[in-house]
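Input: a single structure, listed below in structure tokens.
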Amino acid sequence: MKQFTLKFLFFALLLQAVFTTMNAQSPTQTIRGTVTDKQSQTPLPGASVVLVNSQPLKGTVTDLEGSFRLEQVPVGRQELKITYVGYNENAVPNILVTSGKEVILSIELEESVVLAKEVVISAAKEKAGTVNQLATISARSFSMEEVNRFSGGRNDAARLASNFAGVSTADDSRNDIVIRGNSPTGVLWRLEGIPIPNPNHFSTLGTTGGPVSALNTNLLKNSDFLTSAFPAEYGNATAGVFDVGFRNGNNEKLEFTAQLNSFSGLELMAEGPLSNKKNNSFLISYRYSFIQMADLLGIPIGTNATPNYQDISFKLNFNTKKFGQISLFGIGGKSNIDFLGNELDENDLFANPNQDAYVTSNIGIAGLKHNYLFNNKTYLRTVIAVSSDGNTYDQDKILENGELQREVEVKDKNNRVAFSSYVNHKFNAKNMLRVGMLTQYFNLNLQNRDRTQTPDWITVRNFSGGLALSELYAQWQYRISNRWTLNSGVHTQLLTSNKTWAAEPRIALNWQVAPNQTINLGYGLHSQMQPLPVYFYETQLPDGTFERTNAKLNFTRSQHLVAGYEIKPATDWRAKTEIYYQHVGNVPVDKTESSFSVLNAGADFVFPEAGNLVNNGTGRNYGLELTVEKFYSKGYYALFTGSLFQSKYKGSDGIERNTAFNNRYTVNLLGGKEIKVGKTKSNAITFDGKLTAAGGRYYTPVDVTASQAAGTEILLENEAFSKRFSPYFRLDAKVGYRMNGKKGKVAQSIYFDFQNLTNHKNVFTKRYNELTNEVNTVYQSGFFPDILYRIQF
């Protein structure tokens with residue numbers, strides 16, 4: 001520990017040396033952007049944009065294209081107020097202005113519905129809303145600034161979501177998202193309006209999480225996270241939706257960012273105009289793992305093996321008067337790690353010291369997005385994307401004589417083409433209709449064989465071919481008044497491989513009972529195809545041949561019912577509570593009586609090897625959530641989220657049990673303070689903290705006698721999820737320094753994020769050790785200091 005402390009302090013002093021001394025000149029920056037109609041996406045010329053609390057008052061109006069520009073804005077936290085005749089006012093708070101990068105905003109206003117004797121609701125702060133105007137219940141937006149601000153987030157949008165009510169991560173080693181007790185496989189990831197593969201390094205077939213995110217948060221624009229009864233445009237998901245998008249690059253000037261972080265690695269990013277017309281832009285970033293820095297400082301990462309990963313992300317944006325707006329976007333990433341048994345110990349989170357294992361993973365996404373405005377009422381949005389994700393896994397058993405015997409071989413490849421298009425029409429201030437479709441074609445090459453339990457190879461999956469999933473939807477928004485909004489729709493989907501189809505109604509009602517109070521009600525039926533490893537598992541028949549006995553499985557179906565109440569008791573304060581009930585049906589379970597259910601899978605690198613499954617299982621999740629939030633103002637913020645819930649399931653034996661994701665309670669408390677320093681108060685010292693407490697997960701105990709006889713781990717299936725780990729506790733603390741350059745061209749920041757500050761031992765798993773013939777408790781990562789340095793110019 002002493003050696004680590006000396007190394008850490010040396011590294012901190014080395015980074016601090018790059019900062020120049022504080023200066024007397026107060027730096028400024030430009031804020032610019034566009035103001036558009038929220039429902040029709042048409043520009044609003046003549047809208048008033050005012051910098052709140054500026055002395056003297058600073059403001060402007062938008063031009064014919066809805067664009068505005070405010071120059072000489074002091075660095076620090078700023079707020080804009082936007083007004084337009086016939087529209088509800090909007091306030092955009094907590095805009096972080098730095099000297100190294102211009103602030104470019106896309107602001108939307110909602111047309112007012114004015115009835116006789118009705119008071120117009122105004123000055124709604126944008127932070128409390130969502131990007132998708134049809135997502136009005138169990139949804140919230142998040143920003144790039146929040147991802148980077150909160151302690152313990154590791155620059156990962158998925159880990160940010162674990163701060164929200166009803167959400168937790170499966171464990172510290174991965175970023176799987178558990179929403180209201182659902183399996184992470186129920187989460188849909190979308191980028192620029194199109195479904196994408198698992199956006200994580202070291203991802204595997206059918207999963208939605210991983211150890212390190214390949215989604216670069218420095219490219220993200222404000223995005224939405226939905227946890228229940230989501231609108232009709234979202235399909236093939238039963239738990240939640242991560243709907244993210246890339247921002248456009250600066251279309252007027254070149255800007256650069258360099259960043260170094262323990263987890264996301266070394267990053268170089270550039271953005272700027274593509275032509276002299278200044279209406280086109282590019283944005284590109286490359287990252288390479290720098291986990292060796294953690295090794296240098298003696299920081300534990302959960303394994304003695306060294307992971308290698310790199311990724312590139314980009315977006316090219318073209319604005320044309322004739323053809324509308326066209327953008328090209330993409331992500332490419334690859335990763336690998338070698339687990340060598342003689343370098344591991346029994347507490348390794350990812351591997352077995354009795355084996356050598358070699359892992360590779362890759363992801364590639366490229367898309368074309370087109371927005372076309374027919375008139376001031378109607379627009380068309382079309383996205384076409386191709387993607388490829390794959391992984392290999394080779395496992396060798398270390399024999400007693402030291403020789404190696406290959407016992408597992410996995411080589412999975414999933415190539416996908418996706419086409420999405422919808423038409424959005426605003427009839428008037430009250431009515432809006434959106435009709436669209438989505439088709440995805442999966443070209444699969446899946447190979448997996450295993451002989452860990454037998455001398456001969458057993459085929460787990462062996463498939464080369466394709467399948468298609470087609471979706472149609474329609475959504476209608478009826479704003480009865482400024483206080484009442486009704487969102488309704490229907491979604492349908494068809495899986496071509498087995499002709500499975502579903503029709504799903506969705507409805508949500510919002511009632512603003514007072515200017516600061518809202519009541520929400522929502523219902524949705526949601527269906528999802530099974531994870532690909534489940535469909536293509538091959539069962540060995542009595543004659544020795546193999547058959548895909550799960551190929552005809554139906555969709556899992558989930559009904560969400562939710563009610564919420566929100567109040568804003570004071571400026572910059574919000575309290576929200578939701579109560580929900582979810583019934584899950586058509587869950588794959590064993591044909592014969594057992595405790596098995598697919599609902600318990602998805603938070604690991606592999607899926608259970610189970611065939612002859614039938615859609616006879618059920619599940620139910622219900623709970624109460626509370627969020628109390630103080631938005632950033634007056635130099636500080638605070639966030640409390642709490643959830644009380646139950647997550648139950650029934651296998652083919654008809655016995656109701658706890659699911660693998662039933663914590664029963666989760667509590668988060670976050671807060672932060674920013675202190676302005678320097679002669680002109682243009683620099684800042686930041687302090688952020690996070691406390692998380694959660695109930696222990698349920699698990700299935702090991703049958704020690706049977707495991708000793710078999711020489712491998714065997715679980716007591718008749719006692720499935722009857723035991724419980726000890727409660728989870730973690731305290732994180734973060735300190736940082738942000739400095740703006742003297743001439744307003746460079747901004748630098750450095751953060752030290754001390755994760756699991758108390759070094760609390762949270763249980764990762766209990767597993768059978770083949771060497772000692774005992775059940776060992778493996779703990780999650782202990783104290784972990786994360787480091788980030790960023791320079792923008």
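Quick look at the numbers
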read-out	value
Average accessible area per residue (Å²) across the range 488-572 - probe 1.4 Å, nucleic acids and ligands excluded	44 Å²
Gap separating the Cα centres of the range 699-753 and the range 555-599, nearest whole Å	24 Å
Stretchable slack from Val423 to Ser275, in nm (0.36 nm times residue separation minus alpha-carbon distance)	50.3 nm
Gyration tensor (alpha-carbon) shape descriptor, the range 216-271, a/c threshold 1.5	oblate
Listed residues Gln440, Pro211, Asn132: farthest to the positive end of the dipole of the chain (Cβ charges)	Asn132
Gain upon complete extension [Lys673, Leu541; 0.36 nm per residue less C-alpha separation]	41.1 nm
The range 415-457: equivalent-ellipsoid semi-axes (sqrt of 5 x gyration tensor eigenvalues, Cα, Å)	50, 12, 4
Taking the range 325-448 and dividing mean pair separation by its residue count, relative contact order in percent (alpha carbons under 8 Å, at least six apart)	20 percent
Portion, in percent, of the accessible area of the range 461-598 that falls on carbon or sulfur, probe 1.4 Å	61 percent
Where the range 679-793 is the region considered: accessible area per residue in Å², 1.4 Å probe	45 Å²
Rounded, prolate or oblate (a/c below 1.5 giving rounded, otherwise prolate when a/b exceeds b/c) for the range 133-210 by Cα gyration tensor	rounded
FRET E, pair Lys766, Glu656, Förster distance 30 Å, beta-carbon r, rounded to 0.05	0.80
In degrees, nearest ten, helix 2-16 long axis to first principal axis of the chain (Cα)	30 degrees
Within the accessible area of the range 169-254 (1.4 Å probe), percent carbon and sulfur	42 percent
Computed helical MRE - 222 nm, the chain, DSSP H runs ≥ 4 contributing -39500 (n - 2.57), nearest 500	-1500 deg cm²/dmol
Among (1) 174; (2) 219; (3) 152, the entry derived from the coordinates for volume of the Cα convex hull per residue in Å³	(3)
Two-site FRET efficiency, Gln55 against Asn375, from Cβ-Cβ distance with R₀ of 51 Å, rounded to 0.05	0.75
Tensor-based shape of the range 693-793 (alpha-carbon gyration tensor, a/c under 1.5 rounded, otherwise prolate or oblate)	prolate
Beta bridges by DSSP in the chain, antiparallel share as percent, to the nearest 5	95 percent
10 Å binning of all Cα-Cα separations within the range 505-649, expressed as whole percents from 0 upward	10, 28, 25, 18, 12, 5, 2, 0
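The values are calculated or read from the model by the stated rules, or taken from the named source; none is laboratory data. This structure is a prediction, so every number in the text was calculated from the model and none was measured. As a convention, Cβ positions derive from the backbone with ideal geometry for all residues, glycine included, and neighbour counts pool all protein chains shown. What goes into the accessible areas is simple: the full protein's heavy atoms, side chains included, and nothing from ligands, DNA or RNA. Shrake-Rupley method; radii C 1.70, N 1.55, O 1.52, S 1.80 Å.
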